[in-house]
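The structure under discussion appears below in the form of structure tokens.
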DNA sequence: CGCGATTATAATGCATGCATTAAATAGATT
DNA sequence: AATCTATTTAATGCATGCATTATAATCGCG
């Protein structure tokens, strides 16, 4: 019998509280613990094979990051991302990424660094060609992570990473509704081109315009999702 | 004898770990625990009048936020903010506030909401008139908090608040070096005016230009600080 | 007297114990 | 039978205990 990720044996030597933190967060991101999932500390401790202390510590941290809600006697509860949350996170991430694109372009990356971006975009193109949504999502995620990491501002990196990770909670949702992301590939390539040229102004404009379009499409998607949620059995 | 903030008796009924978190963070922000300050868990627990468990939890959270460094057997250590950190945080905060200003202007605030901004600006003007740096800092902080809170994006609010709070760690430093912030008052008033008109475009331009100037001035200040640090006893 | 090895000390991470308290269940009264 | 109360159960937050391990101190040896 196959163990669930939550029960996956400890591989590295990180402290237990850190293990608990990572594994529970992973379980939330993978929807093994779906929205609304509840559990009490003793049950979690049992599943994770440790005592309540490190679990409790992990839960407090996850609450700090907004993944769960902790109520005195109801244990943890995976919080729902409202349509508003999705909108807000996307908007914030857009703002952070535009800033990152600007700073990255201003930094003038090396040829090797740029090659990694090209790789990610090539992977996105291949995935789009093959209509492989999962592969596209993975490559797109990789691209955004690269863009963020390349900016050089560690505080921006930490913050944007945190929200990019959180955005993975609803990526599956939006990607199920959105049309094939041809524009994303084109725009990302254009941003990389601006970075290659060391042209922050263009990088900002391209990425901002792209994000603006994406936000408009997202609003449509969210409206449809809202309708579906309101009347899921409508003909 | 007067008790230090760290020893200030517990007033509200928040859990002890939360008390520990707040009091230690406050001690760091107020420089009661200055950069480099070290302490072991048992000592902290004693000072805070609780056991090690809630203290440990608080320390992990503070490490998450980058306030302290936790080393296995050296306890907590208040991390230094490098000139680079100051630069990065200011840059990130600028980016977040420009976004907040835009969204706030797009939201069209009520007259009462705008009045609160006017109050803060009036306080800044009075403080500048009286050359009262502390009062100006307080009012300026209030203004930025208002701007952030008014934007309506809760994720942006949480994030910007976190960094605004962190920026208080070096506010005293930069305010000791900077020239009288006349432009700040004027620009903030102009941003409020744009918000009043419901003109996001202007709000962005004004605030962005202001932040750009401030970053340029900051760079000068940081250079001087860097020089001072390199040769503190120079004639 | 100095330096390396060994022992002692103590800080940490986690387990467990305990008091508190909220939810559930059983019981009593109308 | 229904509702209010009393009792039980158990989850949480914190205190304490314990094993581990790193640092410090002591001791032995050159």
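The values are calculated or read from the model by the stated rules, or taken from the named source; none is laboratory data. On a predicted model such as this, the values are computed, not experimentally measured, just so you know. Backbone-built Cβ (ideal geometry, glycine too); neighbour counts: all protein chains shown.
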Inset, instruction - Enumerate the pairs (first residue in region B:56-77 and more than 9 Å from every other protein chain (Cβ to nearest Cβ); second residue anywhere and part of a loop (DSSP other than H, G, I, E, B) and within 12 Å of DNA strand C (Cβ to nearest atom)) with beta-carbon separation below 6 Å, excluding pairs fewer than 6 apart on the same chain, so at least 6 apart or on different chains. - result: B:75/B:40
Legend entry - Residues of region A:171-180 classified as more than 17 Å from the chain's Cα centre (by Cα) and surrounded by 17 or more Cβ atoms within 10 Å (Cβ to Cβ), total: 0
Legend entry - residue B:168, sole failed condition from (1) crowded, with 19+ Cβ neighbours inside 10 Å; (2) farther than 13 Å from residue B:98 by Cα: (1)
Legend entry - Which numbered condition residue B:67 misses (of (1) touching a strand residue (DSSP E or B) at 6+ places or on another chain (Cβ under 8 Å); (2) within 13 Å of DNA strand C (Cβ to nearest atom)): (2)
Legend entry - Single match in A:99, A:112, A:41 (criterion: surrounded by fewer than 19 Cβ atoms within 10 Å (Cβ to Cβ), modelled with pLDDT of 95 or more and either within 14 Å of chain B (Cβ to nearest Cβ) or farther than 30 Å from residue B:15 by Cβ (or both)): A:41
Inset, instruction - Determine if region B:21-33 includes at least one residue that is within 10 Å of chain A (Cβ to nearest Cβ), touching a helix residue (DSSP H, G or I) at 6+ places or on another chain (Cβ under 7 Å) and within 14 Å of DNA strand D (Cβ to nearest atom). - result: yes
Legend entry - Residue that is farthest from DNA strand D (Cβ to nearest atom) [pool: residues in region B:85-94 that are under 22 Å from residue A:101 (Cβ atoms) and more than 8 Å from every other protein chain (Cβ to nearest Cβ)]: B:94
Inset, instruction - Could you list all residues from region B:24-42 that are in contact (Cβ under 8 Å) with a residue 24 or more places away in the chain and within 13 Å of DNA strand C (Cβ to nearest atom)? - result: B:38, B:39, B:40, B:41
Legend entry - Count of residues meeting criterion [buried (at least 19 other Cβ atoms within 10 Å of the Cβ), without any contact (Cβ under 8 Å) to a residue 24 or more places away in the chain and within 13 Å of chain A (Cβ to nearest Cβ)] in region B:133-156: 1
Inset, instruction - Quickly run through region A:44-55 and pick out the residues that are touching a helix residue (DSSP H, G or I) at 6+ places or on another chain (Cβ under 7 Å), away from chain B (no Cβ under 14 Å) and more than 9 Å from DNA strand D (Cβ to nearest atom). - result: A:47, A:48, A:50
